[in-house]
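Here is the structure we will look at.
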Amino acid sequence: MAKLAVNNFRGEAPRYDPKLLLPDQAASARDCDLLSGKFRPINDTSIVESVPAGSESIYYWAAPGTWLSWTTDVDVVRSMVAHDRYDRIYLTGDGAPQVRGQDGGAKTFDLGLPKPSSAPTVTTQAASNVFTRAWYYAYEEPDATRVDQGTLTEGSDIIKDEESEAEVWTVPNIPDKDAATADAVFVVWFVGTSPGGVNLGILYPDISKYSTSSDFTINGAKGRAAQVNQTQAGWALALDDPDPSTYSVERTYVETFVSAWGEEGPPSDASVVTKVSPAQDAVITSANISVTGSYQVTKKRLYRTVSSNAGTVFLLVDELDLTSATITDSKLDAELSIELVSDGDGSLGASWSAPPADLAGLVELPGGILSGFVGRDVYFSEPYQPHAWPVKYIESVDFDVVAMGVSGNSLVVGTKGMPYAINIIDPESSTVTRIETNQPCVSKRGLMDVGSFVAYPSNNGIVFVHGTNASLVTEPFYTRKEWTAINPSTMRSGVFNRNLYMWTDTAGLIFDLDEKTSGFVNNTLTVSGVYSDLETDELYAIVGENIVKWEGSTTTKTGYWKSFEMTFDKTFTPRLYRVVASAYPVNLEFWAEGALVKTVSVPDTQVHTVPATRPELHWQVAVSTESEVDQIIIADASGEFRE
């Protein structure tokens, strides 16, 4: 007695002759799911949207509920900003890198902002209002006790001498003493405040017991005051040096463009150095009042240099409408706080540069960092600033980059040579590691992020990269000969339900990511593009001029599974068969010596007689059905069906 029994169903291993397969491996498996060990035909696809002929890339933009399609290889990343009010997406592959957002409808602009073409020009004029003063008075006793204190209103209680070139005030009516003694001295002082509300300090006159406590300073020049009391009180302000120009500061100004969505571009060239004294305002003229190109620049920001013991930085003076041609800067250094980002070495101009026009392969890394490539160079954006791509962050590899994916905090770079892993938490301090395996990536659209690792097609099979380790996971199933026969350079891939789906111009394959020993299953779709929706865990494909949802239909496809080729000890003639399935009928095929001998329609789970067949040494069985199958047995005697 002899039999061929299949109790567990696995996928294909094309590298082996059917005679050398394991008993549960398939010589052919098509349109079925074998995850459970059962044979389960998959559901058919459902059409969700039509696309133009020749489409290669699709993306579902959830905010407007719109499918986007392209006839080129396009990569899309959604905004990494939580609760982005514009629901922005970023993409490469459709011309220059782009940003799209919802702002009174869908709008598309080039990613990044240009550098202003002209440097600002700067002149000076007399200060219109350097600071304001809050005036106070008191009688100071010889022991420094203050009595009879009060406030003075500038313009009535204390009056500025407008005809004097000096800063001179007069108190025409000195308040009478009340509790003060005859030896008490009338003293006036003020607290200065900048136009922007910054406290500039207190200034006591020379006759005050508190004169050494004065801390009034304006743009680096410390004030001092003299007071003379006669029938009126005379009060004069001076700087530490009688020549105010001694306290002039050297300034330069730059401008940046700002979009309607708050994105800021790189700075202009700096203006000519201009000296500005404490008694002067700077007048800045801008020629950058319009922008050429696909941008949405509506504002510009003006920065100026401020020096301290820590060095010189550019601080924000004001944000202006793009069309503003002139601004008067009367602000004090103390009123400025927002710093223009530099390259860290004092240089300007590159930190907030737009990405290169030919950037490709856009991906998102943890920490709000975007990455793309040009040739052998890998670019990174500022964290959570997808419009800014500092040149200082560029990393280079030894081979042209083909595609990139993300594994944890590592960027996996598939190249025309060896793969690389770039570990990056902060783009200021990334680490590049070459992975010593000779497995070039042969298809950009074939590379896929699959959880904790990245998968990509080489000429030898599928390579899995985790961290800095790489393995050829398809080696148990394919040799280079069988693999190259399916044309892996045309591969496009997607992930769904822990399966890796791959389509080339000649084949469609499904690979179980959890059970990497289960083999491959073929699928019969002809696909030109794939999209894995991570938010909904759904897989979509372009089939002809339609977007279809994988297993979106309730209709089951007709799955097919063909067994290994069993070699019997002597010639074998199958006389009985049984198929255990969830529903019937099930088509059962009998194959001998590689040829189809007989096909029967199995009506139920009972043992049935095989119509006349011939004795042969090598036999296979195959099922074709829309039902799940648990077991197949063919035998030459009824005793083989006993448990």
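The values are calculated or read from the model by the stated rules, or taken from the named source; none is laboratory data. Predicted model only: the values in this text are computed from it and were never measured. Note that each Cβ is placed from the backbone with ideal geometry, even for glycine, and that neighbours are counted across all protein chains shown. Side chains included, ligands, DNA and RNA excluded: accessible areas come from the protein's heavy atoms. Shrake-Rupley method; radii C 1.70, N 1.55, O 1.52, S 1.80 Å.
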Considering (1) modelled with pLDDT under 95; (2) farther than 30 Å from Glu335 by Cα, say which one Arg133 fails and leave the rest.
-> (2)
Tell me, which strands (runs of 3 or more DSSP E) lie completely within segment 1-82 with 3 or more residues that are hydrophobic (A, V, I, L, M, F, W, C) and farther than 30 Å from Glu589 by Cα?
-> 66-70
Counting only residues that are farther than 25 Å from Phe572 by Cα, open to solvent by 20 Å² or more (accessible area, probe 1.4 Å) and aliphatic (A, V, I, L, M), segment 1-51 contains a total of 4
Restricted to segment 158-173 and to residues being touching a residue at least 12 places away in the same chain (Cβ under 8 Å) and touching a Ser or Thr at 6+ places or on another chain (Cβ under 8 Å), the residue surrounded by the most Cβ atoms within 10 Å (Cβ to Cβ) is Ile158
What do you reckon, is Thr170 out of contact with any Asp or Glu (no Cβ under 8 Å at 6 or more places or on another chain) and of a type in the set (S, T, N, Q)?
-> no
State whether the residues of segment 79-88 include one that is β-branched (Val, Ile, Thr), more than 20 Å from Pro366 (Cα to Cα) and open to solvent by 20 Å² or more (accessible area, probe 1.4 Å).
-> no
How many residues does segment 308-331 contain that are surrounded by 12 or more Cβ atoms within 10 Å (Cβ to Cβ) and under 21 Å from Thr193 (Cα atoms)?
-> 8
Segment 79-99: number of residues that are without any contact (Cβ under 8 Å) to a residue 24 or more places away in the chain and within 21 Å of Ser493 (Cα to Cα) = 0
Quick one: is Ala388 open to solvent by less than 30 Å² (accessible area, probe 1.4 Å), among the hydrophobic types (A, V, I, L, M, F, W, C) and not in a strand (DSSP E or B)?
-> yes
Being among the small types (Gly, Ala, Ser), farther than 20 Å from Lys331 by Cβ and open to solvent by less than 60 Å² (accessible area, probe 1.4 Å) narrows it down to one of Ala221, Ala180, so name that one.
-> Ala180
Test Ala583 against the criterion of being at pLDDT 95 or above, in contact with a Phe, Trp or Tyr (Cβ under 6 Å, 6 or more places away or on another chain) and more than 20 Å from Ser638 (Cα to Cα), and give yes or no.
-> no
Among the numbered conditions (1) at pLDDT 95 or above; (2) in contact with a Ser or Thr (Cβ under 9 Å, 6 or more places away or on another chain), tell me where Leu4 comes up short.
-> (1)
Conditions: (1) surrounded by fewer than 15 Cβ atoms within 10 Å (Cβ to Cβ); (2) touching a Ser or Thr at 6+ places or on another chain (Cβ under 8 Å); (3) not polar (S, T, N, Q). Leu113 meets all but one. Number of the miss?
-> (1)
Qualifying position, being over 30 Å from Ala119 (Cα atoms), buried (at least 22 other Cβ atoms within 10 Å of the Cβ) and over 14 Å from the mean Cα position of the chain (by Cα), among Gly446, Gly361, Gly375 = Gly446
Test for Tyr456: is it farther than 15 Å from Thr504 by Cα, open to solvent by less than 50 Å² (accessible area, probe 1.4 Å), out of contact with any Asp or Glu (no Cβ under 8 Å at 6 or more places or on another chain) and without any contact (Cβ under 8 Å) to a residue 60 or more places away in the chain = no
Name the residues in segment 598-639 that are part of a loop (DSSP other than H, G, I, E, B) and in contact (Cβ under 8 Å) with a residue 60 or more places away in the chain, would you?
-> Glu626, Ser627, Glu628, Asp636, Ala637
Which of the following residues is closer than 30 Å to Val228 by Cα, among the polar types (S, T, N, Q) and open to solvent by 50 Å² or more (accessible area, probe 1.4 Å): Thr132, Thr121?
-> Thr132
Quick check, is Val442 modelled with pLDDT of 95 or more, β-branched (Val, Ile, Thr) and assigned to a loop (DSSP other than H, G, I, E, B)?
-> yes
Residues of segment 587-604 satisfying the condition of being open to solvent by less than 50 Å² (accessible area, probe 1.4 Å) and either in contact with a His (Cβ under 9 Å, 6 or more places away or on another chain) or under 15 Å from Ile633 (Cα atoms) (or both) | Leu588, Glu589, Phe590, Trp591, Ala592, Gly594, Val600, Val602
Restricting attention to segment 219-229, does a residue exist that is at positive phi and among the polar types (S, T, N, Q)?
-> yes
Please state which one of Val187, Val147 is of a type in the set (A, V, I, L, M), over 30 Å from Arg85 (Cβ atoms), surrounded by 17 or more Cβ atoms within 10 Å (Cβ to Cβ) and without any contact (Cβ under 8 Å) to a residue 60 or more places away in the chain.
-> Val187
Please work out which residue is farthest from Ala29 (Cα to Cα), limiting yourself to segment 477-527 and to residues that are part of a helix (DSSP H, G or I) and among the β-branched types (Val, Ile, Thr).
-> Thr490
Inside segment 482-498, can you point out the residues that are on the phi < 0 side of the Ramachandran plot and in contact (Cβ under 8 Å) with a residue 24 or more places away in the chain?
-> Glu482, Trp483, Thr484, Pro488, Ser489, Thr490, Met491, Arg492, Ser493, Gly494, Val495, Phe496
Where residues in segment 530-578 are assigned to a loop (DSSP other than H, G, I, E, B) and in contact with a helix residue (DSSP H, G or I) (Cβ under 8 Å, 6 or more places away or on another chain), which of them is farthest from Glu12 (Cα to Cα)?
-> Glu565
Among residues of segment 190-213 being of a type in the set (A, V, I, L, M, F, W, C) and part of a loop (DSSP other than H, G, I, E, B), the residue most open to solvent (accessible area, probe 1.4 Å) is Ile207
